[in-house]
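Enquirer: Submitted below is the structure of interest, expressed as structure tokens.
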Amino acid sequence: TQLLEQSPQFLSIQEGENLTVYCNSSSVFSSLQWYRQEPGEGPVLLVTVVTGGEVKKLKRLTFQFGDARKDSSLHITAAQPGDTGLYLCADVAGGSNYKLTFGKGTLLTVNP
Amino acid sequence: NAGVTQTPKFRILKIGQSMTLQCAQDMNHNYMYWYRQDPGMGLKLIYYSVGAGITDKGEVPNGYNVSRSTTEDFPLRLELAAPSQTSVYFCASSSSTGTANYGYTFGSGTRLTVV
């Protein structure tokens, strides 16, 4: 069973600061997805990365996939209170194409 | 709006009671899932279904049952509720060709407390 480790577990910052959260795996990712979950809601997909070394940008969010496809990072520039939430990484179970394994998440709080 | 609808949003059960958590999707997705989310523990898969009439156990199936008689509906049944089943339950769906690209669509969850 693949283990996904996310760090840090908690992060509290001031509005305007930059931050990076990480997702590491005990084995190679098939493909990796990042979700954001706001309080009282279900997770919502932010991005999928597939190729080692891939970088994707979504406004102020930059997602990086490690060359060896065993790690990924999410960098947020000039964080805003609306970025507050639980950030989850998930691996699509190799071969199945439909089952996701989730990390425990990073709980981000951006204070005004 | 199209998506995954879960009912109820909140429920308090007494130990030993039973209930059914409802989940419906209108996106014609083949795959449906039930997860539970406990603080600091992430999402754990309870049961999943790859199509009507087909279900399979996930990581934490004990104490739960599911059925999938239609593409749209995937109810989760709790028999003999226990305090360990206090959690937030999420239903999700995905298409047979789209999980790797489009991910899951989640409902907004059911917060269950067993007392």
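Every number here is computed from the coordinates shown, using simple stated rules; none is lab data. Treat the numbers as computed from the prediction; the structure is a model and nothing was measured. Reconstructed Cβ throughout: ideal geometry from the backbone, glycine too, with neighbour counts over all protein chains shown.
Enquirer: Viscosity 0.890 mPa s, temperature 25 °C: what is the translational diffusion coefficient of segment B:1-102 from Stokes-Einstein with a Kirkwood Rh over Cα pairs, rounded to a whole number of µm²/s? Walk me through the intermediate numbers first.
Expert: Working: Rh = 14.0 Å.
Taking Rh from Cα pairs, D becomes 175 µm²/s.
Enquirer: Ok, one more. Under the definition of partner shielding as Cβ atoms of other protein chains within 10 Å of a residue Cβ, what is the mean value for peptide B:47-54?
Expert: Per residue, the number of nearby Cβ atoms from other chains is 1 on average.
Enquirer: GNM on chain B, C-alpha springs below 10 Å: top fluctuator among B:A52, B:A24, B:A92?
Expert: B:A52
Enquirer: Follow-up. Taking the beta-carbon count within 10 Å as an exposure proxy, list B:E79, A:E54 from fewest neighbours to most.
Expert: B:E79, A:E54
Enquirer: I'm checking a number: the convex hull volume of the Cα atoms of segment A:4-111, normalised per residue, in Å³. What is it? Write out the running numbers ahead of the final one.
Expert: Numbers: hull volume 9.4 nm³, N = 108.
It is 87 Å³ per residue.
Enquirer: Scan around A:Y98 for amide H atoms under 5 Å from its own, H built in the peptide plane at 1.01 Å from N, and keep only partners 5 or more places away or cross-chain.
Expert: For A:Y98, whose amide H was placed from the backbone, the distant partners under 5 Å are A:A93.
Enquirer: Please give, to one decimal in nm, the separation of the simple spin-label points placed at A:T62 and A:T20, each 7 Å out from Cα toward the Cβ.
Expert: Going from the A:T62 label point to the A:T20 one covers 0.9 nm.
Enquirer: What percent do you get for the relative contact order of segment A:56-112 when only Cα pairs under 8 Å and 6+ apart count?
Expert: 28
Enquirer: Rounded to the nearest whole Å³, what is the per residue volume of the convex hull around the Cα atoms of the protein assembly as shown?
Expert: 120
Enquirer: Could you tell me the relative contact order of chain B? Use alpha-carbon pairs under 8 Å, at least six residues apart, and round to a whole percent.
Expert: Once normalised by length, the contact order is 36 percent.
Enquirer: Residues of A:39-50, mean number of Cβ from any other protein chain within 10 Å of their own Cβ, rounded to a whole number?
Expert: Taking all residues of A:39-50 together, the mean is 5.
Enquirer: Please identify, among B:T86, B:T97, B:T71, the residue showing maximal mean-square fluctuation in a Gaussian network model of chain B using a 10 angstrom Cα cutoff.
Expert: Of B:T86, B:T97, B:T71, the most mobile in the Gaussian network model is B:T97.
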